[in-house]
1. Every residue in segment 100-124 that is of a type outside the set (Gly, Ala, Ser) and over 25 Å from the mean Cα position of the chain (by Cα), please.
2. Mind telling me which of the residues 57, 52, 10 ends up being of a type outside the set (Ser, Thr, Tyr), more than 12 Å from the chain's Cα centre (by Cα) and modelled with pLDDT under 85?
3. Among (1) at pLDDT 85 or above; (2) out of contact with any Gly (no Cβ under 8 Å at 6 or more places or on another chain); (3) closer than 19 Å to residue 34 by Cα; (4) surrounded by 12 or more Cβ atoms within 10 Å (Cβ to Cβ), where does residue 131 come up short?
4. Would you mention how many residues in segment 32-43 are more than 11 Å from the chain's Cα centre (by Cα) and among the aliphatic types (A, V, I, L, M)?
5. Being in a loop (DSSP other than H, G, I, E, B) and either touching a strand residue (DSSP E or B) at 6+ places or on another chain (Cβ under 7 Å) or closer than 23 Å to residue 49 by Cβ (or both) is the filter here; which residues of segment 61-115 pass it?
6. Of all residues in segment 60-85 being at negative phi and charged (D, E, K, R), which is modelled with the lowest pLDDT?
7. Which one of 108, 34 is at pLDDT 85 or above, surrounded by 11 or more Cβ atoms within 10 Å (Cβ to Cβ) and either under 16 Å from residue 131 (Cα atoms) or in contact with a Pro (Cβ under 9 Å, 6 or more places away or on another chain) (or both)?
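The values are calculated or read from the model by the stated rules, or taken from the named source; none is laboratory data. Predicted, not measured: the structure shown is a model, and the values here were computed from it. Positions of Cβ are backbone-derived with ideal geometry, glycine not excepted, and every protein chain shown enters the neighbour counts.
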Amino acid sequence: MSSHPSSPTVPGADSADSLPLPRARTLFARALRLRCPVCGGGPIRLGWVSLVPSCPVCGLHLDRGEPGYWIGSWTINLFVTEGVFAAVFAGALLLAWPALSWTALAVLCIALAILTPVLVFPYTKLLFLALDLAFRPPEPRDLESPPERGLVAKRR
């Protein structure tokens with residue numbers, strides 16, 4: 001018998017549709033590895049800024065089917081970018097004061113403001129998904145496979 005408490009599953013789902021939900025720490029660790037936060041499966045990225053619609057291993061819909069869902073990831077991206085900008089700006093002031101080159105600091109901060117959001121974007125998308133899953137476990141509709149176009153039989 002395991003000493004760990006049983007993992008929560010999708011509420012209202014039968015045993016075939018249940019999806020064990022790991023602890024929040026595991027969700028975030030998997031997201032930082034750019035894997036599915038629920039099962040750790042992958043690959044789930046199509047490119048640097050796009051994800052597959054559903055995890056190929058567990059079938060979890062990665063957009064959770066809500067309009068404007070990814071605004072949360074953009075918010076996390078903004079917070080990370082502002083944090084990096086503030087840390088570099090404050091660090092430069094503390095380390096180089098009073099002989100600070102304002103031009104060099106401005107160029108550095110502008111470069112950071114442009115590059116940081118691009119570099120952290122895939123991570124913030126999956127971190128937001130992990131955060132959302134930690135507070136709102138998957139529902140059965142998050143696991144339903146949408147019908148593929150062309151496979152739906154025409155009614156006579």
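1. 100, 102, 103, 105, 107, 108, 109, 110, listed by residue number.
2. Answer to the selection: 10.
3. Going through (1) at pLDDT 85 or above; (2) out of contact with any Gly (no Cβ under 8 Å at 6 or more places or on another chain); (3) closer than 19 Å to residue 34 by Cα; (4) surrounded by 12 or more Cβ atoms within 10 Å (Cβ to Cβ) one by one, residue 131 breaks only (2).
4. Residues that pass the stated criteria total 1.
5. 62, 63, 64, 65, 66, 67, 68, 69, 70
6. 66
7. Just one listed residue meets the conditions, 34.
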